[in-house]
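Q: Have a look at this one before I ask anything.
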Amino acid sequence: MVKNHLDKNGSFTGSPKPPHPTTSTDPHSRKSSQEELDHSLNHHNEDVKKLSDDIDRFIDELSTCQDKSNPPEVPEIIETFSKIIESKISKHNTCENSSTRLCKMTEEDNFFVEAVSRLSKLTNSLSEFPSGSTTTRSLNRTSMVLQRAMTLMEEEFRALLEDSSSSHVKVYKNSSFNSNRLLVDGELCSLTLSESSGEEEYPSFPPDRVTRMNRIASTMIMAGNETECCQVYSITRRNACIEQMKKLEFEKINMEDVQRMQWDSLEGEIARWIRAVKSCSTTLFPGEKRLGDSVFSESPMNSQSLFSNLARAIVIQLLDFAEAVTMTKRSEEKLFKYLDMYEALRDLIPSIENSCSKNELNSEIQATIDRLGESAVSIFSDFENSINKDVARTPVPGGAVHPLTRYVMNYLKYACEYKITLEHIFQQHVKFEESNANSPANAKLKPTLEVEAENDSPHCNSETTPFSIQLVTIMDLLDTNLEAKSNLYRDPALRDIFLMNNGRYILQKVKGSAEIHQVMGDTWCRRRSTIVRHYHKNYQRETFGKVLQILTHDGMQVNGKVVKTTVKERFKNFNAIFDEIHRSQSTWVVSDEQLQSELRVSISALVIPAYRSFFGRFRQYLDNAKQAEKYIKYQPEDIEILIDDFFDGNSTSMARRKT
């Protein structure tokens with residue numbers, strides 16, 4: 001390669017240095033010389049194709065020369081060609097406005113890139129002949145010019161890469177940097193733009209600029225400057241990505257600071273982190289991959305290596321934050337942020353899949369995903385413990401839905417919005433536990449699955465999964481806890497109202513959420529409805545059993561005659577019992593309107609016909625109107641009106657409530 005003919009100070013070795021042209025310190029003399037050179041070069045530029053063809057023929061002659069000790073004579077066109085390239089370099093270097101280099105690629109620019117590429121081939125061919133031969137002088141000359149050209153190209157490459165932020169070019173989502181579309185037989189092809197989308201895409205390089213970068217990179221690599229080319233690309237693209245991350249307000253935070261953060265502050269940092277990861281998945285990494293593939297279309301290994309290193313630098317920073325979050329103290333409120341982080345990292349993998357060597361980075365991402373998943377499983381375990389430990393000493397007023405029931409069901413409803421993710425997490429957890437036969441978690445989950453299948457549990461589902469088992473476990477724990485809390489009520493009927501309220505709330509929450517309903521299944525819902533109806537029947541029996549006994553016609557006659565004192569006693573007892581029921585149950589609470597209506601209708605259907613029958617049959621046995629008024633407090637219509645007061649949670653009567 002050319003570099004073998006340069007020492008570390010940039011001096012040529014192996015042959016005498018080429019004579020330097022005599023230069024004048026007189027600026028007018030230098031200007032005149034440059035004008036003469038330009039005039040001379042313009043003569044050659046008129047037949048650039050012929051000159052290029054002559055160079056190509058000489059390169060072919062050098063490559064087919066079998067006797068390397070006897071090289072062919074070097075034609076004068078080599079010096080002429082070198083001077084043309086030097087002239088182009090000088091014009092670039094003396095350009096006052098460097099931004100003009102970034103203009104749209106012209107024929108002159110095309111010629112320069114192609115000329116440098118041709119000069120590189122020529123220099124490599126000359127270097128195959130021994131030092132001291134007739135080609136050495138030309139080799140040193142072309143090597144020097146090539147080195148200057150490489151320096152210029154490196155600067156140009158860097159400038160092109162660094163200018164994306166100021167280009168303000170719309171690149172449409174259906175467009176591509178693919179070099180097959182940009183370069184066809186050396187000609188620039190415009191990208192196909194979608195009229196349906198005008199969103200700016202990262203990085204916003206116009207197609208002609210990507211084409212130019214592609215040609216520069218290919219030329220530098222062919223000339224032996226692969227390291228310099230890749231280094232410039234790597235540094236500029238990494239800086240660009242860092243700037244994008246700053247725009248997303250995500251910056252590196254050390255692990256200690258993360259663990260010291262209050263949850264409110266950490267929650268904000270997690271939101272910014274998620275936004276950054278999603279941007280990497282959808283915009284940053286696809287854009288960088290597309291750009292790298294286009295710029296290094298002729299050297300895909302470089303493209304893959306550069307993208308791999310770039311992605312790794314960013315991903316490791318993201319993973320460090322995620323790892324720090326998993327090491328903070330667990331709490332139930334953190335579950336959903338953990339799941340958001342889990343999903344964000346899961347969606348990140350496809351954007352770098354098959355682009356990083358040996359998928360090492362994918363493995364690191366997956367390891368962090370697994371830790372987030374295990375943290376989620378642990379939070380569910382903590383959630384179970386918190387339900388078990390929720391012990392109350394005072395009952396909820398009026399037998400209303402307990403705050404624990406609301407909290408648990410809303411928590412599960414929200415959790416089931418991540419159903420697919422949690423199904424996968426718990427499935428992976430079970431697989432992990434099954435790999436260790438002595439694991440307590442394995443002993444718990446696997447037998448539970450078997451019991452559900454074998455014993456036809458009320459919670460069984462057609463598609464029993466580890467996550468559905470987890471939900472059933474939590475439901476069972478909640479049921480057990482509510483059963484214990486119901487014992488705080490001294491009135492058995494109010495105990496049933498409490499269990500009915502909570503059971504109905506649980507059922508409605510499950511039915512109202514497609515995700516949780518899918519997990520629990522129709523069989524569970526039907527059997528839960530049966531349980532609620534059971535509480536309903538218990539309530540009716542406890543509350544109105546004595547009322548119906550009073551209103552029965554049995555025992556009203558002696559020797560075929562109605563006993564008036566018995567009639568009076570029955571009406572008196574009914575009034576007292578119904579007054580007490582009305583006074584207490586008007587303070588009870590049934591917030592579910594449908595359940596409240598069902599209860600009132602069922603009570604009316606039970607009590608009013610019985611009272612109407614008793615009233616119609618035995619009222620006539622009271623001696624006079626005054627006596628009737630004393631013992632008959634309610635007309636049948638009054639009973640129906642009073643029943644409508646039940647379960648309103650009347651605060652006026654609340655203080656007199658007895659539980």
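Q: I'm checking my understanding of the structure. Among residues of segment 241-273 that are assigned to a helix (DSSP H, G or I) and open to solvent by less than 20 Å² (accessible area, probe 1.4 Å), which one is farthest from Leu310 (Cα to Cα)?
A: Kept after step one, since they are assigned to a helix (DSSP H, G or I), are these residues of segment 241-273: 241-247, 255-260, 263-273.
If we keep only those that are open to solvent by less than 20 Å² (accessible area, probe 1.4 Å) as well, we get 241, 245, 258, 266, 270, 273.
On the way: Cys241: 9, Met245: 13, Val258: 25, Leu266: 27, Ile270: 23, Trp273: 18 Å.
Per the stated criteria, the residue is Leu266.
Q: Can you find even one residue in segment 40-58 that is of a type outside the set (Lys, Arg), over 60 Å from the mean Cα position of the chain (by Cα) and at pLDDT 75 or above?
A: No: zero hits.
Q: Now for a different question. Restricted to segment 394-428, and to residues that are open to solvent by 40 Å² or more (accessible area, probe 1.4 Å) and among the hydroxyl-bearing types (Ser, Thr, Tyr), which residue is farthest from Val519 (Cα to Cα)?
A: Thr394
Q: Could you grab the pairs with beta carbons closer than 6 Å, sequence gap of 6+ or different chains, first residue in segment 403-421 and part of a helix (DSSP H, G or I), second one open to solvent by 60 Å² or more (accessible area, probe 1.4 Å)?
A: Close Cβ pairs satisfying both conditions: Cys416/Glu515; Glu417/Glu515; Lys419/Glu515.
Q: If you don't mind, another one. Going through Leu449, Leu482, Leu477 one at a time, which residue ends up being in a helix (DSSP H, G or I), under 22 Å from Met520 (Cα atoms), modelled with pLDDT of 95 or more and open to solvent by 20 Å² or more (accessible area, probe 1.4 Å)? Write out each step before concluding.
A: Numbers: Leu449 fails: modelled with pLDDT of 95 or more; Leu482 fails: open to solvent by 20 Å² or more (accessible area, probe 1.4 Å).
None of the others qualify; the one that does is Leu477.
Q: Which residues, counting only those in segment 60-73, are assigned to a helix (DSSP H, G or I) and either at pLDDT below 75 or over 12 Å from Thr135 (Cα atoms) (or both)?
A: Our first condition is that a residue be assigned to a helix (DSSP H, G or I); within segment 60-73, this holds for 60-63.
Passing the criteria: Asp60, Glu61, Ser63.
Residue by residue, here is whether (1) hydrophobic (A, V, I, L, M, F, W, C); (2) part of a helix (DSSP H, G or I); (3) at pLDDT 95 or above holds:
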{"site": "Phe498", "(1), (2), (3)": "yes, yes, yes"}
{"site": "Lys511", "(1), (2), (3)": "no, yes, no"}
{"site": "Cys525", "(1), (2), (3)": "yes, yes, no"}
{"site": "Phe544", "(1), (2), (3)": "yes, yes, no"}
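Q: To continue, here is another question. Can you tell me which of Ile608, Ile603 is in a helix (DSSP H, G or I) and surrounded by fewer than 20 Cβ atoms within 10 Å (Cβ to Cβ)? Don't jump to the end; show me each part of the working.
A: Values: Ile603 fails: surrounded by fewer than 20 Cβ atoms within 10 Å (Cβ to Cβ).
Selected residue: Ile608, the only one of Ile608, Ile603 that is in a helix (DSSP H, G or I) and surrounded by fewer than 20 Cβ atoms within 10 Å (Cβ to Cβ).
Q: Okay, next question. Which residues, taken from segment 470-498, are touching a His at 6+ places or on another chain (Cβ under 9 Å) and aliphatic (A, V, I, L, M)?
A: Leu471, Val472, Met475, Leu482
Q: So Ile274 passes all but one of these: (1) of a type in the set (Val, Ile, Thr); (2) under 20 Å from Asp293 (Cα atoms); (3) at pLDDT 90 or above. Which condition number does it fail?
A: For Ile274, the failing item is (2).
Q: Is it the case, given these coordinates, that Glu333 is modelled with pLDDT of 90 or more and surrounded by fewer than 19 Cβ atoms within 10 Å (Cβ to Cβ)? If you could, list the steps in order and put the result at the bottom.
A: Working: modelled with pLDDT of 90 or more: yes; surrounded by fewer than 19 Cβ atoms within 10 Å (Cβ to Cβ): yes.
Judged against the criteria, Glu333 is a match.
The values are calculated or read from the model by the stated rules, or taken from the named source; none is laboratory data. The shown structure was predicted, so the numbers you read here are calculated from the model rather than taken from an experiment. Methodologically, a virtual Cβ is constructed for each residue, glycine included, from the backbone with ideal geometry; neighbour enumeration extends over all protein chains shown. Ligands, DNA and RNA are excluded from the accessible area calculation, which covers all protein heavy atoms including side chains. Shrake-Rupley method; radii C 1.70, N 1.55, O 1.52, S 1.80 Å.
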